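Computed from the coordinates by the stated procedures, all read-outs in this text should not be read as laboratory data. These figures come from a predicted structure and were not determined experimentally. Positions of Cβ are backbone-derived with ideal geometry, glycine not excepted, and every protein chain shown enters the neighbour counts.
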Amino acid sequence: MHDAERIERFRELLRIPTISLDSPDDPRGAEFARFRAALERLYPRVHATLERELIAGHSLLFRWPGREAADPTLLLAHQDVVPADDRGWTHPPFAAELVEVDGEARLWGRGTIDDKGMLVAILEAVETALADGVVPAHDVWLSFGHDEERMGYGAQAVAAELERRGVRPAFVLDEGGAIVEGVLPGVAAPLAMIGVTEKGIASMRLRVEQQGGHASTPPATTAVDRLAAAIARLRRRPAPAAVPEPVLRMLEVVAPHARGPQARLFRDARRLRRVLAAVFVRLGPETAALVRTTRAVTRLSGSAADNVLAEQASAIVNVRVAPGSTLEAERARIARAIDDPKVAVEILHGSEPSPISPSTGPVWERLGQAITAVHPEVVPTPYIMLGASDSRHYTHLSPAVYRFSPFAISKAQRDALHAIDENIAVDTWLDGIRVFRRLIDEL
């Protein structure tokens, strides 16, 4: 298939605003129906050959029968995107404009990276494999959730259905890390950052309740004052840093490619764990997040009127839980950091850190070989996925769950995820199709 045709199919799908739904009866669900109809028209071989089901309203599940059903592969992506309007965007978020930046062709729009880029690349690879008469040795399942940007109820429903049928994938691949450069000091080689686990995620609430009243006669400490002091103490007392096993393994893999003092530091990572924890915290927010639980206050609420003292003041804290810890352990740590019995700390909802998948062995090697066949200069590297993905809902089904999007992404492009000006280089997206095709040929 010609690359120009692939790009146009991608652009058509990017123009459909499949924004995460607020409820099952959200009228924007019509956009998901339009997206499914476009997929059926654009990928006729996929829909003629693979078995397709609709689960939980809008999530898609495909089965590509192989020569045997045992040890299947499960490829994940999600249809939904976060909201966007034109404000601040260089090019409109749902126009899918093809532009040139510094001599490089790029596709501009919401979902180019997160996560329609992955979804469409998978379908392009499967469509071409079918055209070439490929029959996989083992079943291949494709699961495209519809609410990953919310709570992933679609993925949970798909996982439950697969479990009910006794499907136990030998290999699961979802969005996650990417091909990046310059993320580790002293390492010039591009790294394929493959998530072997992901941090837990929780929304926790800090809540203060006390007598309200008229704002003209405030007490010495209002509910809002107490809450603000608690937030300030929480910021001054971050979670402790420690280098977990996946990060140690990452450093061991990249050590042969490091230069300068970092080469020895990474090579001796196990012996220098405490030193490395401090170094990672100082390097910046991305590396700091690899070695400790992070907390971010994202929402505040207080009085319902300007002249009324709040009877209840609350803050929502987004907590990303490091491997080796638990939601309850982090809740208790937050309570100790605040050190005020009048501030309640509650877990509203969340999920624990994912089990750690192996970074050696045949499944890991198969994924690494698919990447290096297209990008021979890249070093496949295990790491901790900092965000949450649908993959966490499948970890009970498979011992090998990985998180990797096969695209070269700059820091500026990573910063644009869930923000303005999300974009992807056309060449790297096309290379991503080739990685998936190479992986399919090995299944």
Response to the item:
When Leu227, Leu42 are ranked with the fewest other C-beta atoms within 10 Å first, the list becomes Leu42, Leu227
Worksheet item: Among Glu442, Glu422, Glu377, Glu352, which comes first, then next, by fewest other beta-carbon atoms within 10 Å?
Response: Glu377, Glu442, Glu352, Glu422
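Rounded to the nearest 0.05, what FRET efficiency do Asp225 and Ile347 give with R0 = 35 Å and r taken as the Cβ-Cβ distance? Could you check?
Once rounded, the FRET efficiency stands at 0.90.
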Worksheet item: Does anyone have the angle between helix 116-131 and the longest principal axis of the chain? Alpha-carbon axes, 0 to 90°, nearest 10?
Response: 20
Discussion item. Can you give me the angle between helix 223-236 and the longest principal axis of the chain, using Cα atoms only, in degrees from 0 to 90, rounded to the nearest 10?
Written reply: 60
Practice prompt. Return the long-range amide H neighbours of Ala215 (sequence gap of 5 or more, or a different chain), with a cut-off of under 5 Å between placed amide H atoms.
Written response: Val308, Leu309
Fill in: Rounded tilt (10° steps) of 3-14 against the dominant C-alpha axis of the chain
40
Discussion item. Tell me the relative contact order for the chain as a rounded percent, counting alpha carbon contacts under 8 Å between residues six or more apart.
Written reply: 24
Response to the item:
From DSSP H assignment alone, runs of 4+ in the chain each adding -39500 (n - 2.57), the sum over residues rounded to the nearest 500 puts [θ] at 222 nm at -10500 deg cm²/dmol
Worksheet item: What span do the alpha-carbon atoms of segment 1-117 cover on each of the three principal axes, reported in whole Å from largest to smallest?
Response: 49, 39, 25
Practice prompt. Rank these for me by crowding, Arg235, Arg438, Arg110, going from fewest to most other beta carbons within 10 Å.
Written response: Arg235, Arg438, Arg110
Worksheet, complete the sentence: The long-range amide H neighbours of Gly324, using H built 1.01 Å from N in the peptide plane and a cut-off of under 5 Å, are none
Worksheet item: When the Karplus curve 6.51 cos²θ - 1.76 cosθ + 1.60 is applied with θ = phi - 60°, which whole-Hz ³J(HN,Hα) does each residue of segment 312-317 get, with x for Gly and Pro?
Response: 9, 10, 9, 9, 9, 10
Worksheet entry | Dipole axis of the chain (+1 Lys, Arg; -1 Asp, Glu on Cβ), positive-most option in Leu60, Ala230, Ala30 | Ala230
Discussion item. Using C-alpha positions alone, give me the convex hull volume of segment 200-351 per residue in cubic angstrom.
Written reply: 120
Worksheet item: Given Cα pairs under 8 Å that are at least 6 residues apart, what percent is the relative contact order of segment 213-320?
Response: 34
Practice prompt. Positive end of the charge dipole of segment 1-138 (Lys, Arg +1 and Asp, Glu -1 on Cβ, about the Cα centre): tell me which of Thr112, His91, Ala137 has its Cα farthest that way.
Written response: Ala137
Fill in: segment 291-308 - phi-based ³J(HN,Hα) in whole Hz, Karplus 6.51/-1.76/1.60, Gly and Pro as x
10, 7, 5, 10, 9, 9, 6, 10, 9, 10, 8, x, 6, 8, 8, 5, 10, 10
Practice prompt. Kindly write out, for segment 253-267 in residue order, the coupling ³J(HN,Hα) from the Karplus curve 6.51 cos²θ - 1.76 cosθ + 1.60 (θ = phi - 60°), rounded to whole Hz, with x marking Gly and Pro.
Written response: 5, 8, 3, x, 9, 8, 10, x, x, 5, 4, 5, 4, 6, 5
Worksheet item: Can you give me the Cα centroid spacing of segment 367-443 and segment 110-156 in angstrom?
Response: 12
Worksheet item: Could you list log10 I(q)/I(0) for segment 212-301 at q = 0.15, 0.24 Å⁻¹, which the Debye formula gives when each Cα is one point scatterer?
Response: -0.67, -1.17
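Filter the trypsin sites (Lys or Arg not before Pro) in segment 112-201 to those in DSSP coil with at most 11 other Cβ atoms within 10 Å of their Cβ, and list the result.
Details: sites: Lys116, Arg150, Arg164, Arg165, Lys199; in loops: Arg150, Arg165, Lys199.
Of the trypsin sites (Lys or Arg not before Pro), the ones in loops of segment 112-201 whose Cβ has at most 11 other Cβ atoms within 10 Å are Arg165.
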